[in-house]
Amino acid sequence: MAELGLAVVGAITAPDLCIKYGKRLLQACAAFRNAEGELHERILSVEASWMQTALGLDFVKSVESVMNEDHRTMHYRILDMVFTKLKRVILILEGLLKKPTKMDEAGEDEDARLAVRKGKYVFVKSSLDEAIEELEQWQRKVESSLFLIMRIMDNQVDTELVRMRRETSIVASIPSAMVIRDGLRDDQRQYGLQVFLKKSELDAMARTTLPFCNAVLGQRAGSSKQLILNQIECSLGTSVEIVKKDVRDLARKLRHRTPQTFGLLTCKGVVKDETKIGPLSEASFTLVFEKPEGLTDPRSLRHLLTAGSAPCSMSEKLDIARELAKSVSYVHTFGFVHKNIRPETVLTFAGAKTVRRSTFLVGFDNFRREDGRTYLRNDGDWTKDLYRHPNRQGPTPRDDYIMQHDIFSLGVCLLEIGLWRSFVRYDSNCGHPIPLEALGLISGGVHIEYPAALKEKLVEMAHNELPACMGSRYAQVVHTCLTCLDPNNVGFGHEVEFQDEDGIRIGVRYMEKGSYSPRFIKDALLTVSWFCSG
């Protein structure tokens, strides 16, 4: 009972305490206005980051009444941690300030009279860096909660966004929040966007294949600008009109201008190609994506895994994993299931000033709306079945496709990234795909006709091999993804338990799982399928 009482008190006071101490933090930062070098950079970073968080806190307080109980409770728990981390940063900063002397007190304001103890900074530098990093990690979780609110279809959210657009700069501070809100709202502004391009534009492009990748490069004659092309074939028996509507809606929602925010390339438009063959017709659609400015050397994740180069560092692998998780989460946020997550549909680019590669999800060959019709048939290709949940493998899958099936596919990719071993290799002579021997698909162990056994093999690899490469927490995250539909999975378990109209409950559950995970999961898997509604 005592613990419950403390939790309730903390929940009630956390938002106001964060706002109050946030002002104290900004006052402390103001005292460092003349600081130089590293200290100056740290102070600016803290100040800018907190000002954005404060705007988010004000907004969440204004729409608190429309949050469900689980979400509100999780939000307060996050704010309790923000308050704890905030106090630590303030104490360290204030400890660097000298008290004003009597000579200093003549007519100067208090902040100006505070001087920095430069000598002491050397001794607290590492502690300050650690405290700032921890605070910013929890601040990102506040932003995650804000994004989750964007999923709530309530007029009060729109009313408050309009008010805050007039009164503050929250929309400018977190533009991706408004992109999400607009993407979820099927209003006349969305329907007015023209996304279909002339087929002649596509026909005039020179195309270059990318090794081990679903997408291809396109380039107009006389232009140095490259485009990424992703073709979607309408399989026999599917409704061309339904596919057309889904492709159009996806293209509209990917017209954003911040591809690295979402891990999804900016869509320039879509081209429809239809050929009449007697009474029948064959149709395909090509999504035309812009290549992000400043990024070069496009390579699929499969290409990186099979290149034979030295394994990535742990930080590089975490970056790829985090960004892929983010990509999947935003596909779900916009109301779609991808159905094709594997290394061939993950495209990476090199940056101009960093060794870090930016990661994007492509390969929308089989995507559909989350509430759209699912077809209980597959291609039976083992190289694709490897990334499918056992109940979705083979030419006639047992279950309808749901968002958690994407999470399973993500888990297989995260396992591959962590081990940095390609589960599919290609014969150097004929290019024939060969499974990694450790999977047991060639001889002994498991066979592809036993999907459940293959899944258990993947779970076993995550348990036995992954901790040594990436740590136990990363391995735990992969295990959770691979077992996301298992009845005994404490993270997800029975999907029906978490269903609600806006998909908030399972989003909160992902945030809960994220709080026990490594940094990449703090940044991304607390967002992976926030909006997964089964």
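The values are calculated or read from the model by the stated rules, or taken from the named source; none is laboratory data. Worth saying up front: this structure is predicted, and the values here are computed from it rather than measured. Backbone-built Cβ (ideal geometry, glycine too); neighbour counts: all protein chains shown.
Yes/no per residue for (1) modelled with pLDDT of 55 or more; (2) surrounded by 15 or more Cβ atoms within 10 Å (Cβ to Cβ); (3) part of a helix (DSSP H, G or I):
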{"position": "430", "(1), (2), (3)": "yes, no, no"}
{"position": "444", "(1), (2), (3)": "no, no, no"}
{"position": "459", "(1), (2), (3)": "yes, yes, yes"}
{"position": "517", "(1), (2), (3)": "no, yes, no"}
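Only residues that are surrounded by 11 or more Cβ atoms within 10 Å (Cβ to Cβ) and either part of a helix (DSSP H, G or I) or modelled with pLDDT of 65 or more (or both): list them for segment 105-115, please.
Answer for segment 105-115, where residues must be surrounded by 11 or more Cβ atoms within 10 Å (Cβ to Cβ) and either part of a helix (DSSP H, G or I) or modelled with pLDDT of 65 or more (or both): 110, 111, 112, 113.
Could you check how many residues of segment 85-104 are hydroxyl-bearing (Ser, Thr, Tyr) and either at pLDDT 90 or above or buried (at least 17 other Cβ atoms within 10 Å of the Cβ) (or both)?
Here the count works out to 0.
Among the residues that make up segment 240-253, is at least one of them more than 21 Å from residue 357 (Cβ to Cβ) and not in a helix (DSSP H, G or I)?
no
What are the residue pairs meeting all of these: first residue in segment 467-483, first residue on the phi < 0 side of the Ramachandran plot and not assigned by the TED database to the domain that holds residue 453, second residue surrounded by fewer than 23 Cβ atoms within 10 Å (Cβ to Cβ) and outside any loop (DSSP other than H, G, I, E, B), Cβ atoms under 6 Å, and 6 or more apart or on different chains?
Partner pairs satisfying both residue conditions: none exist.
State whether the residues of segment 1-16 include one that is in a helix (DSSP H, G or I), modelled with pLDDT of 85 or more and among the hydroxyl-bearing types (Ser, Thr, Tyr).
no
Any chance you could count how many residues in segment 296-355 are buried (at least 18 other Cβ atoms within 10 Å of the Cβ) and in a helix (DSSP H, G or I)?
Within segment 296-355, residues that are buried (at least 18 other Cβ atoms within 10 Å of the Cβ) and in a helix (DSSP H, G or I) number 25.
How about segment 475-488: which of its residues are modelled with pLDDT under 90 and within 17 Å of residue 317 (Cα to Cα)?
If the condition is that a residue be modelled with pLDDT under 90 and within 17 Å of residue 317 (Cα to Cα), then 476, 477 are the ones that fit.
If you take the residues in segment 228-269 that are β-branched (Val, Ile, Thr) and in contact with a Gly (Cβ under 8 Å, 6 or more places away or on another chain), which one is surrounded by the fewest Cβ atoms within 10 Å (Cβ to Cβ)?
Within segment 228-269, the match that is surrounded by the fewest Cβ atoms within 10 Å (Cβ to Cβ) is 242.
Restricting segment 358-375 to residues that are part of a strand (DSSP E or B) and in contact with a Gly (Cβ under 7 Å, 6 or more places away or on another chain), which is modelled with the lowest pLDDT? Walk me through how you get there before you give the answer.
At the first step, the residues of segment 358-375 found to be part of a strand (DSSP E or B) are 358-361, 368-369.
Restricting the remaining residues to those that are in contact with a Gly (Cβ under 7 Å, 6 or more places away or on another chain) gives 358-361, 369.
Values: 358: 93, 359: 96, 360: 97, 361: 97, 369: 79.
Per the stated criteria, the residue is 369.
Determine, yes or no, whether residue 378 is at pLDDT 85 or above and either within 23 Å of residue 229 (Cα to Cα) or part of a loop (DSSP other than H, G, I, E, B) (or both).
It is false that residue 378 is at pLDDT 85 or above and either within 23 Å of residue 229 (Cα to Cα) or part of a loop (DSSP other than H, G, I, E, B) (or both).
Being assigned to a loop (DSSP other than H, G, I, E, B) and either in the same structural domain as residue 456 (by the TED database) or touching a Phe, Trp or Tyr at 6+ places or on another chain (Cβ under 6 Å) (or both) narrows it down to one residue among 396, 383; which is it?
Answer to the selection: 396.
With respect to residue 434, determine if the residue is outside any loop (DSSP other than H, G, I, E, B), out of contact with any helix residue (DSSP H, G or I) (no Cβ under 9 Å at 6 or more places or on another chain) and closer than 19 Å to residue 307 by Cα.
The answer is yes for residue 434.
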